[in-house]
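Down below is the structure, laid out as structure tokens.
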Amino acid sequence: MTFSLDTLMSDAALMAILLLAGVALRARLLWLQKLFLPASITAGLLGLLLGPNGINWLGFSAHMASYPGILIAFIFGSLGLAAQRVPLRRIAGRVGSMWSFGNMALIGMYGAGVLFALVFFAPFWSSMPEGFGLLLATGFVGGHGTAAAIGEVFAAHGWPEATSLAMTSATVGVLCSIIGGIAIIRHNSRRGRTSFISEFGSLPAEMRTGLIPADKRESESVETISSMTIEPLLFHLLLVIAVAGASFWLKGWIATLFDFSAPAFALAFLVGLGLNALMRVGGAHHYVSAPVINRIGGGATDVLVAFGIASINLSVVAAYFMPLLVLMIFGVIFSYCFFRYVAPCLFREYWFEKGLFGWGWFTGTVAMGIALLRIVDPRLKSRTLDDFALAYIFGAPVEIMLVTFSPILLIAGYSWLYVAITLGIVAVIAAIATRAGWLQLPSADPAEARTSR
């Protein structure tokens, strides 16, 4: 099928309808509310069921699978544009435990997934793709955006099935995140490990239904540019579009000059950082609203998730079903061990709440972690999100480097070296955390110890 503007508009309109249906279903169906499923997940699953990869009732084009690879540049470009400067001492002194917790799990899952595949799959599966073990971290701690990014790299190097498999991993990860999280909450609340437990029915209506009442709505300040010159929202959107577009120009030039397919998402992040720095030098950053840039990136993420799930090739998933299933079971066990055994060693206060947030993040997304946290800490007294926001400032570059260089190293055949590097870094972080006093064995069995109030 030849691509045209009509094709683009048709695909966009169909997905818009599915996303709106996802919003309506979340507002009306109690079981969707209890799963905290975002509209993008619901829309993607509907698109998968009703689209070309399902019963083929919806006329999505064959280009549907290429949209996530474009949208990912918008997401990473917005991250670079919205990056903020925060003093290092403020980070280290305040949130060392959260930084250690997040990075040990993040880097550890990348390395452990590859190691698991090398040990348990490679001896019996001679044709195993070099990057198969990477699908675990790509889908779980990475999410659909990372799945699109890494899938793009593998596709450019002869493994086009990687995107469908990574999207499947991400979708299953989200479901494990919330279903497993609810089970963890129920089990641990009975054992008295929670500090501020809340039942589903007592959660704010806007969190359950997704619809915010008039008296609780917040407005984003976008009036950084006079509307007599240009609409402020359009101004911010143009910045993101310019960064994303420049990343594809750079990708084309690099391919021409060096015969190398550079990942557009990594280039978008670098271009965004560069433009951010230039605006700071000239003072123009005062007219850029980071919350609005983040909203644009969040919107691109929703659309990417929906198209990513809808474009999953089920025949590819079926061909890799058993090893993929075993790999994801390992991922669930890995994430649970970090929640149950590492969190109590790193967090002197509110280990359960902070560990539960980590479970949601490591298996699904940060949004899933927040949803679970709001159940056990509805007023956010544990300050988990405050600590995470500061710690992630230094965690984001690490994640972007992992997403950028992991597939390249594995494609080049350096799987064992990659495992040694990633797990070695985890050991170094653990040593730093121990020396700094962040990592300590709990003084009592965390199963019985009550968290500080």
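Answer yes or no as to whether residue 360 is assigned to a helix (DSSP H, G or I), out of contact with any Cys (no Cβ under 7 Å at 6 or more places or on another chain) and surrounded by fewer than 15 Cβ atoms within 10 Å (Cβ to Cβ). For residue 360, the condition - assigned to a helix (DSSP H, G or I), out of contact with any Cys (no Cβ under 7 Å at 6 or more places or on another chain) and surrounded by fewer than 15 Cβ atoms within 10 Å (Cβ to Cβ) - is not met.
Scanning the stretch 129-164 for residues that are acidic (Asp, Glu) and assigned to a helix (DSSP H, G or I) gives a single hit, 152. Condition test on residue 307, is it of a type in the set (Phe, Trp, Tyr), surrounded by 22 or more Cβ atoms within 10 Å (Cβ to Cβ), out of contact with any Ser or Thr (no Cβ under 7 Å at 6 or more places or on another chain) and in contact (Cβ under 8 Å) with a residue 60 or more places away in the chain? Against the criterion (of a type in the set (Phe, Trp, Tyr), surrounded by 22 or more Cβ atoms within 10 Å (Cβ to Cβ), out of contact with any Ser or Thr (no Cβ under 7 Å at 6 or more places or on another chain) and in contact (Cβ under 8 Å) with a residue 60 or more places away in the chain), residue 307 qualifies. Scanning the stretch 370-419 for residues that are more than 14 Å from the chain's Cα centre (by Cα) and of a type in the set (Asp, Glu) yields 377, 386, 387. Summed over the stretch 318-351, the residues that are at pLDDT below 85 and in a helix (DSSP H, G or I) give a count of 0. For the stretch 113-144, a residue qualifies if it is β-branched (Val, Ile, Thr) and either surrounded by fewer than 24 Cβ atoms within 10 Å (Cβ to Cβ) or over 25 Å from the mean Cα position of the chain (by Cα) (or both), and exactly one does: 119.
Being out of contact with any Cys (no Cβ under 6 Å at 6 or more places or on another chain), in contact (Cβ under 8 Å) with a residue 60 or more places away in the chain and not in a loop (DSSP other than H, G, I, E, B) is not true of residue 281.
A count restricted to the stretch 28-54 and to residues that are in a helix (DSSP H, G or I) and not aliphatic (A, V, I, L, M) stands at 8. Pairs meeting the criteria (first residue in the stretch 243-255 and exposed (fewer than 14 other Cβ atoms within 10 Å of the Cβ), second residue not aliphatic (A, V, I, L, M), beta carbons under 9 Å, at least 6 apart or on different chains) are 255/261.
The values are calculated or read from the model by the stated rules, or taken from the named source; none is laboratory data. These numbers were taken from a predicted model, which means no experiment stands behind them. Cβ atoms come from the backbone with ideal geometry, glycine included; neighbour counts cover every protein chain shown.
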